[in-house]
Amino acid sequence: PSIPGAVIISSDEPLRFDAVDEGNSLGTLKVPEREGVLRAIDGQHRLLALHHDLEQFGQEEFTVPAVIFDRLPEDHVVQMFVTINAKHTRLNASHLVSLSGRQLYADPNLAAAHDIVRALNDRDDSPLAGDIKLLGVGKGKVAQAPLAQEFKALLASEAFGGGRRGDEFRDESKRFFVNYFKQISTLFAAAWNGRKYAIRTAPALRAFIRVAPDVVKRLDQERAERADFRMIGRVIAPWGRRIGDMRFETDGAWKQRGLSIDQLAKELRLALQYPEGV
């Protein structure tokens, strides 16, 4: 091949495969010859270097090994790209562009959502470090996609404010959520560090994510910086009194009250609204 290793590409349009004969898995994949149809997930620099030196080949044929995905869902493109590139390049994925010159992430909220998930999983000071299973692999017990969808839904709904205020929060969202879960892990220390508790399961984490706008609203009322570690702890302190570690006992209250994300989110909101009870 003309370049080392296969490049990974996603097509935004359906591709046609012509088998050499009926029932054969060998054949020709027809790609529309229009600019912008393909997006490079991995191998961008190799392809750009090859494109720059095309004239050197003249009439000589050359081959480029490739893995091509036909209309891969955008969420999958994002997860794959971040997993392949973010760790070893240390680049903010939202700054990287495809070969067609477009941002790889058409949705800035989706980009921010996956940035938050990566920060929670990769940062040494995160209480969820190593707990999230990225792209379905790794030692983590919580899947990446459901958490990213929760973050994306909140950011898209302007739950943290619209316009410039929302943009500012999107920029500081990684810091906020790392500090937020650090305070949660401190407040519910017995449950967080215990083996017979469900606080670090996907349903519980998603419930905490869903009530984050309520926490931010309280921070705004206190005129505090939204990502302020100390103030986040002060705002969610009522959860320690009103909810407590026992709420997350796997064979206790967690099972008795149901595993519903909405139910736990409702309890957390009520505790914020009525810190001393009703």
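Bear in mind that the values in this text are calculations on the coordinates, not laboratory data. Just so you know, these numbers come straight off a predicted model, no measurement behind them. Every residue, glycine among them, receives a Cβ derived from its backbone with ideal geometry; neighbour counts consider all protein chains shown.
Computed from backbone phi with θ = phi - 60° and the Karplus coefficients 6.51, -1.76 and 1.60, the 3J(HN,Hα) list for segment 139-145 is 8, x, 9, 10, 6, 6, 4 Hz; x is used for glycine and proline. Between helix 163-187 and the chain there is an angle of about 60 degrees, using the helix long axis and the longest principal axis of the Cα atoms.
To make sure I understand, if each residue's beta carbon is the centre and we count other beta carbons within 10 Å, what order do HIS52, HIS114 fall in, fewest to most? Spell out each step's value before the answer.
Numbers: HIS52 9, HIS114 27.
Fewest-to-most Cβ neighbours within 10 Å comes out as HIS52, HIS114.
Measure up LYS182/LYS266; LYS174/LYS255; LYS133/LYS182; LYS196/LYS217; LYS152/LYS174; LYS152/LYS196 against 23 Å on the Cα-Cα distance and list the ones that go over. Too far apart for the 23 Å limit: LYS174/LYS255; LYS196/LYS217; LYS152/LYS196.
Residues in segment 216-223 carry Karplus couplings, in order, of 5, 4, 5, 4, 5, 5, 7, 6 Hz; the curve used is 6.51 cos²θ - 1.76 cosθ + 1.60 with θ = phi - 60°, and Gly or Pro positions show x. Residues SER10, SER157, arranged from fewest to most other Cβ atoms within 10 angstrom of their Cβ, appear as SER157, SER10. Sites counted here are GluC sites (Glu not before Pro) in a DSSP loop (not H, G, I, E or B) having no more than 10 other Cβ atoms within 10 Å; the longest part of the chain that contains none of them is 62-275. Counting only alpha carbon atoms, the long axis of helix 261-273 and the longest principal axis of the chain meet at about 50°. Under the definition of Cα pairs under 8 Å and six or more residues apart, what whole-number percent is the relative contact order of the chain? That works out to 13 percent.
For every helix of n ≥ 4 consecutive DSSP H residues, a contribution of -39,500 (n - 2.57) applies; sum these over the chain, divide by its total residues, and give [θ] at 222 nm rounded to the nearest 500 deg cm²/dmol.
Values: 11 runs with 133 residues, N = 278.
It comes out at -15000 deg cm²/dmol, rounded to the nearest 500.
The angle separating the long axis of helix 108-122 from the principal Cα axis of greatest extent in the chain is about 70 degrees.
By the count of neighbouring beta-carbon atoms within 10 Å, fewest first, THR250, THR63 end up ordered THR63, THR250. Shown here: log10 I(q)/I(0) by the Debye sum over Cα atoms at q = 0.07, 0.11, 0.16 Å⁻¹, derived from the displayed model; of the candidates (1) -0.26, -0.66, -1.44; (2) -0.35, -0.73, -1.21; (3) -0.39, -0.77, -1.16, it corresponds to (2).
The dipole here belongs to segment 1-72: it is taken about the Cα centre, uses +1 on the Cβ of Lys and Arg and -1 on the Cβ of Asp and Glu, and is about 260 debye.
Of all aspartates and glutamates in the structure, those lying under 13 Å Cα to Cα from LYS139, and not within fewer than 8 positions of it along the same chain, are ASP122, ASP131. Counting charges near GLU33 (Lys, Arg +1; Asp, Glu -1) among other residues having Cβ under 13 Å from its Cβ returns a value of +1.
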